Amino acid sequence: MHIYIHIPFCQSKCPYCAFGSSSDEFNLTKSYFDALEFEIKNAKFSQISTVFIGGGTPSAVNAKFYTKIFDILKPYLKKRAEITTEANPNSANLTWLKAMRTLGVNRVSFGAQSFDDKKLKLLGRIHSANTTKIAIKNAKKAGFKNINVDIMYSTKFDTKKLLKFEVDNLANLGISHISAYSLILENNTPFSGKSNYEKDSPALAKFLFKELEKAGFKQYEIANFGRPCKHNLAYWSGEKYMGFGAYAVGFNGKKRAYSPKSIEEYIKNPLLKSYENLTMNDIKTEKIFLGLRSKIGFSAKLLNENELKNAKILTSHKKLIYKNSKFYNPNFLLTDEITLFILEN
Ligand SMILES: C[S@@+](CC[C@H](N)C(=O)[O-])C[C@H]1O[C@@H](n2cnc3c(N)ncnc32)[C@H](O)[C@@H]1O
Ligand code: SF4
């Protein structure tokens, strides 16, 4: 089974970010972790294959807060479980990284966003490119061998030259994985509607993907390159997962479970969930969409007669690849269009 744990604290709130986190409720850290411990203690686990501690900013809180959580999870962790934590370059210092490694965390994911300080400033980040380089060195010192770095593109500053600069920096870090996210102008964030901050260019995205591949990071999902993250592969394959903490989401194969979207509400009632029932059709569409966004592909068995006909038209135009009863997408950037075409009746 797969586990997600949400840490809803950030040292400062980035103006583009709509993830559930707060920068002025650190006074609730202790109560939050008590609630988390209570929720996790109440859960029934089988063998755990992956754990993902995400945020927010897991490195914004002292590593000692994670001890009790790992005490509860340890008996259920598979021998080779992938245990990831997200971290921000400015707060993940050597002490924190060593402590997390000692607890059993074996993968760290840094939100670098860029190696250009001007772009970092545009994104409202509070670290510099140099801070990221130091954090990655420290992660290696702490014993991490599986290191991811997140970057963002499609900002107004992005050009081929800048993206090449990003890739050159990434290639020199000795890391195993890169996530490259296209900037989304999320509603209810300071970036909402600021279309001049964004440069949505499929040609630049293609260029970035090619450069990342040239640097040895093989693309296996629209935003992911390198040694695949088992936790994310599980999401994209439609596997079940449990979500713990405020803002967390879980999935049992039929329903999605949502935790309260407020730190205070969650602390008051850590077991409270609201549910979204997914129809068979929702699950099918998701399987097709997520399969097409990644190397996972999807089974031809999912399709009805008409959809199969549509998929075969795409195959004859080389927009889809058919192999061993599965369809695969050779161009992840066309996922939306391909999904719509297949499901068109
Ligand atoms: C939830 S954040 C957590 C990581 C960590 N707090 C950090 O920012 O360094 C995970 C990643 O989502 C990406 N992200 C967040 N908001 C985004 C947006 N509006 N558009 C594109 N990517 C976004 C960023 O690259 C970020 O590193
Ligand atoms: S991008 Fe990361 S650091 Fe910035 S607000 Fe979102 S979760 Fe926090």
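Tally the residues that are in contact with a Gly (Cβ under 6 Å, 6 or more places away or on another chain) and part of a helix (DSSP H, G or I), restricting the search to the stretch 285-314.
Within the stretch 285-314, residues that are in contact with a Gly (Cβ under 6 Å, 6 or more places away or on another chain) and part of a helix (DSSP H, G or I) number 2.
Search the stretch 1-33 for residues being touching a residue at least 60 places away in the same chain (Cβ under 8 Å) and more than 15 Å from ligand 1 (Cβ to nearest atom), and hand back the single one that is farthest from residue 188 (Cα to Cα).
1
Search the stretch 278-311 for residues being of a type in the set (Val, Ile, Thr) and surrounded by fewer than 18 Cβ atoms within 10 Å (Cβ to Cβ), and hand back the single one that is farthest from residue 337 (Cα to Cα).
The extreme case among them is 279.
Give me a count of the residues in the stretch 145-169 that are within 18 Å of residue 134 (Cβ to Cβ), among the polar types (S, T, N, Q) and either surrounded by fewer than 23 Cβ atoms within 10 Å (Cβ to Cβ) or outside the structural domain of residue 92 (by TED's automatic domain parsing) (or both).
1
Looking for whichever is in contact (Cβ under 8 Å) with a residue 24 or more places away in the chain and either within 9 Å of ligand 1 (Cβ to nearest atom) or of a type in the set (Val, Ile, Thr) (or both) here; the options are 173, 183, 162. Which one fits?
Of 173, 183, 162, the one residue that is in contact (Cβ under 8 Å) with a residue 24 or more places away in the chain and either within 9 Å of ligand 1 (Cβ to nearest atom) or of a type in the set (Val, Ile, Thr) (or both) is 183.
Which residues, counting only those in the stretch 236-266, are farther than 20 Å from residue 40 by Cα and in a helix (DSSP H, G or I)?
Correct list: 236 only.
Within the stretch 116-133, how many residues are in contact (Cβ under 8 Å) with a residue 40 or more places away in the chain and surrounded by 17 or more Cβ atoms within 10 Å (Cβ to Cβ)?
8
Can you report the number of residues in the stretch 200-226 which are away from ligand 1 (no atom under 13 Å from the Cβ), among the charged types (D, E, K, R) and part of a loop (DSSP other than H, G, I, E, B)?
Total satisfying the criteria: 1.
Regarding residue 241, is this residue at pLDDT 95 or above, surrounded by 13 or more Cβ atoms within 10 Å (Cβ to Cβ) and more than 23 Å from residue 170 (Cα to Cα)?
On the way: at pLDDT 95 or above: yes; surrounded by 13 or more Cβ atoms within 10 Å (Cβ to Cβ): yes; more than 23 Å from residue 170 (Cα to Cα): yes.
Yes, satisfied.
Report whether or not residue 68 is farther than 18 Å from residue 125 by Cβ and assigned to a helix (DSSP H, G or I).
yes
Of 18, 87, 60, 112, which residue is farther than 22 Å from residue 249 by Cα, within 16 Å of ligand 2 (Cβ to nearest atom) and either basic (Lys, Arg) or within 19 Å of the chain's Cα centre (by Cα) (or both)?
Within the list 18, 87, 60, 112, the selection yields 112.
The values are calculated or read from the model by the stated rules, or taken from the named source; none is laboratory data. Just so you know, these numbers come straight off a predicted model, no measurement behind them. Positions of Cβ are generated from backbone atoms using ideal geometry, with glycine treated the same way; all protein chains shown enter the neighbour counts.
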